[in-house]
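A.B. asks: The structure under discussion is supplied below as structure tokens; questions concerning it will follow.
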Amino acid sequence: MLQGILIIVVFLVIAALMMTKKIPTLLALPLMAVIICIIAGVPAVGTDAEGNAIGWLQTVVENGTVRMGSAIMAVIFGAWLGQLMNKTGVTENIIKKSAELGGDRPLVVTLIMVVAVAILFTTLSGLGSIIMVGSIVLPILVSVGVPAISAACIFLMAFTTGLTFNIANWKSFSSIFGLEIEQIKSFEIYLLIATLIATLVLVFVEFKKNGVKFAFSAPVSDVPETRQLKGVAGTLAMLTPLVPILLVALLKVPVVPAFVAGIIWVLVFTSKSFSKAMNLLVKTCYDGITDAGPAVILMIGIGILYLAVTHSMVKEVLNPFLLAVIPSNRIAYIIFFSLLAPLSLYRGPMNLFGLGSGIAALVIGLGTLSPLAVMGAFLAAERIQGCGDPTNTQNVWTANFAEVDVNTITKKLPYLWVIAALCGAQRTFISDFL
């Protein structure tokens, strides 16, 4: 029991170091994995009676670097497609066409922007895409009278809505929970609906509270000129974000081939010559890998931590402690995880791209809750993290661009906690407890 308590203390200490930005997450996760193994008595190098490796250098560090290999490839190919959409003008055209549909009606423009941003981020990823989309959408919202803080929150909520159906993320969650993508998708549909409703509520509340017309600081004319995509080819090119989603969701095509299909699709309908298409293909590949770099490094750390907490010797130490803490009936489970949902902030224990990946693996390993129920709790909590975490690069950039305080954005989005509680409860009631 003492070893289990020490491991929990390590979790808390390293979480505090991450929250206070003393150490970066990409270093904190593998460091935590190694310390946990040492506390549990896992040897650095060794084999069992059958000759199988049991040392943490082999089974945790070495194997952990490739534990999420398929998810890493999905992120890279998704970023590649996102770069192609950016470079060919598909992204800007979707936004501009959407704004034109709204005319001079602020509420209509705002609602169309929400839909456009959500659709774009089913495919786009990385800070580069956030900057490009945000630098167009935010001035449009402000120019029609939406206050800067409201525009920032609406943009981030729309971004999180689209991220729900980002199939590269589905692949990551599939690896973490050991579930099929179809099972992830079935729950993400509920999250999508709930997040979209919360976003619409935010829009109407902000319009009701602030009125419609306000002074603006960034006219639409300040937005850079966009390369126009015209005709049938242009229209088909703007359908690019839907191509991989439809292939995965409807035709059950694997994630990476679906992204490849999207890459081919956008090249076919935007390229003027074969040589230019090939040059663009190569350049965006390099840019996409650069864009995906931070997520890839983070996933390597997640894989190492996952294998550390699922190591047989570590589980033997931690299980008695967790059995005493984790609830095993539905009502207690809903209350427990609903109250703890804000711990997804600051890379906390409910954050799947922080400590949460390890915690989720431990909870599933106990066998008292089904993987589906655990998935529901953690993915629901990700609603708070997605656009509410002040440490997110998208939050920091958006706040800076809109000239508002990043913490004000977090305080302005209580809708997120409600979503987390309701969606976690929904998944709990339709999941079978073991």
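The values are calculated or read from the model by the stated rules, or taken from the named source; none is laboratory data. Since we're looking at a predicted model, the values are computed, not measured. Ideal geometry is used to build each Cβ from the backbone, glycine not excepted, and the neighbour counts take in all protein chains shown. Ligands, DNA and RNA are excluded from the accessible area calculation, which covers all protein heavy atoms including side chains. Shrake-Rupley method; radii C 1.70, N 1.55, O 1.52, S 1.80 Å.
A.B. asks: If I model a spin label at LEU27 and LEU250 as a point 7 Å from the Cα along the Cα→Cβ vector, what separation in nanometres do I get?
C.D. replies: For LEU27 paired with LEU250, the spin-label model returns 4.8 nm.
A.B. asks: Quote the FRET efficiency, to the nearest 0.05, computed for LYS230 versus ILE264 with a Förster distance R0 of 35 Å and r equal to the Cβ-Cβ distance. Before the final figure, lay out the partial values.
C.D. replies: Values: r = 21 Å, r/R0 = 0.60.
The value I calculate is 0.95.
A.B. asks: Another question, then. For a 25 Å ceiling on Cα separation, which of these pairs sit above it: LYS209/LYS412; LYS97/LYS411; LYS185/LYS272?
C.D. replies: Working: LYS209/LYS412 13 Å; LYS97/LYS411 32 Å; LYS185/LYS272 37 Å.
Exceeds cut-off: LYS97/LYS411; LYS185/LYS272.
A.B. asks: Using the heavy atoms of the protein chains and a 1.4 angstrom probe, tell me the accessible area per residue for the chain in square angstrom.
C.D. replies: On the way: 17810 Å² over 434 residues.
Dividing the accessible area of the chain by its residue count gives 41 Å².
A.B. asks: Each label point is 7 Å from the Cα along the Cα-to-Cβ direction; what then is the distance between the points at ILE297 and VAL205, in nm?
C.D. replies: 3.6
A.B. asks: For LEU369, what residues show an amide H to amide H distance below 5 Å, using hydrogens built from the backbone and excluding near sequence neighbours?
C.D. replies: LEU434
A.B. asks: Further question on the same structure: For the range 355-414, what does the relative contact order come out to in percent, with C-alpha contacts under 8 Å and a separation of six or more?
C.D. replies: That works out to 21 percent.
A.B. asks: How large is ³J(HN,Hα), in whole Hz, for each residue of the range 158-167 in order, when computed from phi with the Karplus curve 6.51 cos²θ - 1.76 cosθ + 1.60 and θ = phi - 60°, using x for Gly and Pro?
C.D. replies: After applying 6.51 cos²θ - 1.76 cosθ + 1.60, I find 5, 4, 5, 4, x, 4, 4, 10, 7, 6 Hz.
A.B. asks: Please list, ordered by chain and number, the residues whose modelled amide H lies under 5 Å from the amide H of ALA44; skip anything fewer than 5 residues away on the same chain.
C.D. replies: TRP56
A.B. asks: Of the listed values (i) 19.4; (ii) 21.8; (iii) 17.3, identify the label whose number matches mean projected area of the Cα convex hull in nm² calculated from this model.
C.D. replies: (ii)
A.B. asks: Would you work out the relative contact order for the chain, in percent, from Cα pairs under 8 angstrom that are 6 or more residues apart?
C.D. replies: Taking the mean separation of contacting Cα pairs over the length of the chain, I get 24 percent.
A.B. asks: Could you identify which residue out of VAL256, VAL325, VAL109 has the top mean-square fluctuation in a GNM of the chain using Cα springs shorter than 10 Å?
C.D. replies: Per the Cα network of the chain with a 10 Å cutoff, VAL325 tops the list.
A.B. asks: Calculate, in nm to one decimal, what MET278 and VAL45 gain on full extension: separation in residues at 0.36 nm each, minus their alpha carbon distance. Could the numbers behind the result be given before it?
C.D. replies: Numbers: separation 233, 0.36 × 233 = 83.88 nm, distance 4.69 nm.
Full-extension gain reported as 79.2 nm.
A.B. asks: A further question on this structure: Could you grab the relative contact order for the range 1-69? Cα pairs under 8 Å, six or more apart, rounded to a whole percent. Display every interim value, and only then the final one.
C.D. replies: Working: 44 pairs, mean separation 15.3, N = 69.
The value is 22 percent.
A.B. asks: With labels modelled as points extended 7 Å from the Cα through the Cβ direction, what inter-label distance (nm, one decimal) is found for LEU57 paired with VAL325?
C.D. replies: Taking the two extended label points, one gets 3.1 nm.
A.B. asks: In whole Hz and in residue order, list the ³J(HN,Hα) couplings for the range 192-205 that follow from phi through the Karplus curve 6.51 cos²θ - 1.76 cosθ + 1.60, θ = phi - 60°; x for Gly and Pro.
C.D. replies: 4, 4, 5, 5, 5, 4, 4, 5, 5, 4, 4, 4, 5, 5
A.B. asks: Something else now. The range 124-198 to the range 38-117: how many Å between their Cα centroids?
C.D. replies: Distance between centres, Cα-based: 13 Å.
A.B. asks: Answer with one residue from PHE11, SER186, PHE401: the one whose Cα lies farthest towards the positive end of the charge dipole of the chain, charges on Cβ with Lys, Arg +1 and Asp, Glu -1.
C.D. replies: The Cα lying farthest towards the positive end belongs to PHE401.
A.B. asks: Given LEU247, GLY303, ALA292, which one lies farthest toward the positive end of the charge dipole of the range 241-384, if we put +1 on the Cβ of every Lys and Arg and -1 on the Cβ of every Asp and Glu?
C.D. replies: In the range 241-384, that residue is LEU247.
A.B. asks: If you don't mind, there's one more thing I want to ask. Mind giving me the FRET efficiency for THR20 and ILE193? R0 is 45 Å, r the Cβ-Cβ distance, nearest 0.05 is fine.
C.D. replies: On the way: r = 36 Å, r/R0 = 0.81.
For R0 = 45 Å, the calculated efficiency reads 0.80.
A.B. asks: Just how large is the dipole of the chain about the Cα centre, in debye to the nearest 20, putting +1 at every Lys and Arg Cβ and -1 at every Asp and Glu Cβ? If you can, show how the numbers build up before the last one.
C.D. replies: Working: 25 positive and 20 negative charges, 159 e Å.
The calculated dipole for the chain is roughly 760 debye.
A.B. asks: Can you tell me the order of 84-92, 241-249, 330-338 when each peptide is scored by its average per-residue count of other Cβ atoms within 10 angstrom, highest first?
C.D. replies: Highest mean packing first, the order is 84-92, 241-249, 330-338.
A.B. asks: Oh, and also: HN-Hα J couplings of the range 292-302 from phi, Karplus 6.51/-1.76/1.60, θ = phi - 60°, integer Hz, Gly and Pro as x?
C.D. replies: Along the range 292-302, the couplings run 7, x, x, 5, 5, 4, 5, 5, 4, x, 4 Hz.
A.B. asks: What 222 nm value per residue comes from the helices of the chain, counting each DSSP H run with n ≥ 4 as -39,500 (n - 2.57) and dividing by all residues, nearest 500 deg cm²/dmol? Present the calculation step by step, with values, prior to reporting the outcome.
C.D. replies: Values: 20 runs with 308 residues, N = 434.
Helices in the chain give a 222 nm mean residue ellipticity of -23500 deg cm²/dmol.
A.B. asks: Among 119-128, 302-311, 231-240, what's the highest-first ranking by average C-beta atoms within 10 angstrom per residue? Walk me through the numbers on the way to the answer.
C.D. replies: Values: 119-128: 22.8, 302-311: 25.0, 231-240: 16.2.
Most protected by this proxy first, the peptides run 302-311, 119-128, 231-240.
A.B. asks: Turning to a different aspect of this structure: So for each of 144-152, 25-33, 393-401 I average, over its residues, the number of other beta carbons within 10 Å; can you give me the resulting order with the highest mean first? Can you show the working numbers first?
C.D. replies: Values: 144-152: 23.3, 25-33: 21.0, 393-401: 18.4.
Answer by packing, highest mean first, reads 144-152, 25-33, 393-401.
A.B. asks: Quick one: with all protein chains in place, what share of the accessible area of the chain is carbon or sulfur, to the nearest percent (1.4 Å probe)?
C.D. replies: Numbers: 12350 of 17810 Å².
Exposed carbon and sulfur together represent 69 percent of the surface.
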